[in-house]
């Protein structure tokens, strides 16, 4: 574990390869699971604000879920997450394209410049998961078997998790923090601390 400004970064983030391979996994991480994506209170507010803009693009099941339960829920671990359809269905903000690939409706609207919110930061940072404690945050790699193709592609491209997640890490913690992370990587390589 490495401490960068009270962010405890697990060594897996420096050592493990990763690059999403949507053609193979079909975006299944947004469809499977027993809870939605972890969100902050500010993100819940933002989801409520953009809902009228994106609602027509959501599935009928998602619309019904949102009508009955809202855009968010508390999961079994007591965390605030996006709502999901059913007990273990897709996130309410997921749609399936003509190639059977799951995509985020929020992100599609953001890409078109129609909204100013890209998607929850936990989605952007996946496969990294952040756990908050009193005075620090722990950044851990969530290794899921459905992401095996991402590990294969990451290795083929020689892309480690911290490199794959450069943009969302900067979005979350800022460029100065990411630059400090790169300095740590350089020092660790010099000391043979990472692969």
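Extension gain, residue 60-residue 167: 0.36 nm per intervening residue step, less the Cα-Cα distance, totals 35.3 nm. In terms of surrounding Cβ atoms within a 10 Å radius of their Cβ, 129, 118 rank from fewest to most as 129, 118.
For the pair residue 53 and residue 28, what calculated FRET efficiency results from E = 1/(1 + (r/R0)^6), where r is the Cβ-Cβ distance and R0 = 25 Å, to the nearest 0.05? Efficiency at R0 = 25 Å is approximately 0.40. A Förster radius of 30 Å, combined with the Cβ-Cβ distance separating residue 11 from residue 117, puts the computed FRET efficiency at roughly 0.40. Footprinting exposure proxy ranking of 58, 157, fewest other C-beta atoms within 10 angstrom first, gives 157, 58.
Neighbour counting of Cβ atoms within 10 Å sorts the residues 93, 109, fewest neighbours leading, into 109, 93.
Every Cα-Cα pair of region 72-174 was included, and the share exceeding 21 Å stands at 47 percent. A convex hull fitted to the Cα coordinates of region 7-115 yields 145 cubic angstrom per residue. In the list [x] 41, 18, 12; [y] 30, 19, 15; [z] 32, 26, 13, the label attached to semi-axes √(5λ) of the Cα gyration tensor in Å as derived from the coordinates here is [y].
All of the numbers you see were taken from the coordinates with simple rules; none came from a lab. Source: prediction; values computed, not measured. Quick reminder, even Gly has a Cβ in these numbers, built from the backbone with ideal geometry, and neighbours come from all protein chains shown.
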